[in-house]
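First up is the structure itself, then whatever we jot down about it.
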Amino acid sequence: MVSYVVDPMQRDALVARLRIITRDSVFATALVTSQVARVRPEHFLLVPRPPVPWWRNQRFWAGTALGFTIGAVGVASAR
């Protein structure tokens, strides 16, 4: 997972890119892959949300249920 360190005092200028190696409920270990300036405690870490797999997406299952319902109604009305 790639994340970014930005400086809010410099209008969110990119400071560094990180690759998160390990994480648990409290701590995360990251490797700095590119660095423009020194990372300081006043900088912010931006971590993009990982993509949701298609089978866990609620819109997929809602579309499947709607398609099944329309198909069942269509078959029942054709008889």
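Structure values in brief
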{"item": "Residues located in segment 34-79, provided they are in contact with a strand residue (DSSP E or B) (Cβ under 6 Å, 6 or more places away or on another chain) and in contact (Cβ under 8 Å) with a residue 24 or more places away in the chain", "result": "Ala37, Val39, His43, Phe44, Leu45, Leu46, Val47"}
{"item": "Members of segment 58-79 found to be of a type outside the set (Gly, Ala, Ser) and surrounded by 10 or more Cβ atoms within 10 Å (Cβ to Cβ), listed by number", "result": "Phe60, Trp61, Thr64, Leu66, Phe68, Thr69, Ile70, Val73"}
{"item": "Of the criteria (1) touching a Ser or Thr at 6+ places or on another chain (Cβ under 6 Å); (2) free of Cβ contacts under 8 Å to residues at least 24 places away in the same chain, which one Ser25 fails", "result": "(1)"}
{"item": "Residues of segment 41-73 satisfying the condition of being over 30 Å from Val5 (Cβ atoms) and touching a helix residue (DSSP H, G or I) at 6+ places or on another chain (Cβ under 7 Å)", "result": "Trp54, Phe60"}
{"item": "Residues of segment 31-57 that turn out to be within 22 Å of Met9 (Cα to Cα) and not basic (Lys, Arg), as a count", "result": "14"}
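A short reminder: the numbers here are calculations on the coordinates, not readings from a lab. Remember, it's a predicted structure, so these values are computed and weren't measured experimentally. Ideal geometry is used to build each Cβ from the backbone, glycine not excepted, and the neighbour counts take in all protein chains shown.
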